Every structure is written in structure tokens, then in C-alpha cells.
1. What spacing in nm lies between the two simple spin-label points modelled at ASP13 and GLU194, each 7 Å away from Cα in the Cβ direction?
2. Please report, as a whole percent, how much of the solvent-accessible surface of the chain comes from carbon and sulfur atoms (probe radius 1.4 Å).
3. For the chain, modelled as a Gaussian network with Cα springs under 10 Å, which listed residue fluctuates most, GLN152, GLN169, GLN186?
4. Between the alpha-carbon centers of segment 175-214 and segment 80-102, tell me the distance in whole angstrom.
5. Using only the Cα atoms of segment 86-214, build the gyration tensor, take square roots of its eigenvalues as a ≥ b ≥ c, and label the shape rounded, prolate or oblate: rounded if a/c is under 1.5, else prolate if a/b is larger than b/c, else oblate.
6. Under a Cβ-only charge scheme (Lys and Arg +1, Asp and Glu -1), can you give me the dipole magnitude of segment 47-206 about the Cα centre, in debye to the nearest 20?
7. Report the one residue of HIS28, ASN74, GLY168 whose Cα lies farthest in the direction of the positive end of the charge dipole of the chain (charges on C-beta: Lys and Arg +1, Asp and Glu -1; origin at the Cα centre).
8. Counting only residues 5 or more places away or on other chains, whose amide H sits under 5 Å from the amide H of GLY168 once H atoms are built in the peptide plane?
Amino acid sequence: MPFTLPDLPYSHDALEPAIDAQTMQIHHEKHHGGYVKKLNAAIEGSEWDNKPIEQILSSLDQVPRDKKTAIRNNGGGHYNHSLFWPLMAPGGHAGGKPTGALAEAIEAELGGFEKFKDEFSKAAANRFGSGWAWLIVNEPDGKLAVTSTKNQDNPIMRGLDDDEGLKGQPVLGLDVWEHAYYLKYQNRRPDYIEAWWNVVNWEKANELYQKARI
Ligand code: MN
């Protein structure tokens, strides 16, 4: 099978109390695991089954028409969650504020951390239904920008007929599907978003920022 479910970089209960162990286990094993299984089924035996996920998602106009929706949803699901897990970390590695080049860019391009945090939280809270909030290096100008996408879409996807949101390389992503928070927070998505800031892995975000800038 071309794609496999990556291990979590921490235990299921490592992000408590922000994210409870049961949610983490179901989210990783069942939801992310399901995207991997269905993505593999959709590309099995095609020329796409040995391509990197980034290449597949940036060429969605070239995949077989009858597989496009399955590859979009499950390929997006696999890419997004693979990015999401290491962008969180327990205890001392997480929370607080951005560091390094990313911190400087947030100051210079987004009006400072508090303004950015507010803009990102609003993008996450206002995404209707299921989707993601993103901090990206915006493709046209190479500057940071906040955006959001529906379902498992993301800012690296190309070749969609019903596209929305900005395009670029993700630096930070937040899953606002109900499966990410409902067991603990029920309908209180803003409480989940607020708690998530305490487990952001800013070192990882800074690493993604520096890679995106090359
Ligand atoms: Mn999810």
C-alpha cells in the first residue's frame, strides 16, 4: 500500500486537558486511518500510487475523473492530518508564543501575535460545517496569510472546479471538524479553539515556515 498511517509523535493522553485521550485515539486511528485506507483504494494500480501526496493534491485536474472526489477528500484528509499531529505537542514544547523567523513575520506581516491569534480563531470558529483554518505562506507575495477551507480541502490543492480560499504552503493548520472536539466540547467549538492554542508546537510551525520560504 502506497500510503500508511503515521504514528502520533506523543501518547493519546499527551495533550490533555486540551484534547482528551479518547478523541485523540479515535481521530488518529479511525478518522485518519480511514482516509489512508480510502486514498489507497482510490489510487491502487494507477500511475498515482507511487507519487508523493503533495504532487497528487497539486494535480487534481489530472487524476482519473471517477476517482477525483475520493482522492480530493481522502488525500486531503491524509495530508492535513499528517501535518496536524506534529503541529501539536505536550507541555514545555508547546503553547506560549511563536519563535524565531515565524515570530518576526507574524509581527511584520500580520500586525502581531494577538491580532493574528484573533484572526485565526475567527477563521476557525466561522468555518461553516467541517473544515480547517490555516496560516500559510501566501503564494502570490510570499507573505503570511490566514485562510480556511471546507471539508478536507487545503491550500496546496490545485485543479478543483469549486475552489475557494487562498493558496500557499501551510505553516499551521487547525481541524475544526466536529470529530476533532465533540466528545469533550460538544457544540462549543470556540472553547476547543481556545484550548488548542495551549498545545501548538511553535518550533514545528517555525520549521514549516522556514521551509516554505526557501
Ligand atoms: Mn480530523
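The values are calculated or read from the model by the stated rules, or taken from the named source; none is laboratory data. Please read all numbers here as calculations on a predicted model, not as lab measurements. Don't worry about glycine lacking a Cβ; one is built from the backbone with ideal geometry, like all the others, and counts go over all protein chains shown. Ligands, DNA and RNA are stripped out before the accessible areas are found, and what is left, the full protein with its side chains, is counted by its heavy atoms. Shrake-Rupley method; radii C 1.70, N 1.55, O 1.52, S 1.80 Å.
1. Rounded to a tenth, the inter-label distance reads 2.6 nm.
2. Ligands and nucleic acids excluded, carbon and sulfur give 48 percent.
3. GLN186
4. For segment 175-214 versus segment 80-102, the Cα centre distance is 8 Å.
5. In terms of gyration-tensor shape, oblate.
6. Numbers: 18 positive and 23 negative charges, 75 e Å.
It comes to approximately 360 debye.
7. ASN74
8. For GLY168, the qualifying residues are GLU139, ILE156.
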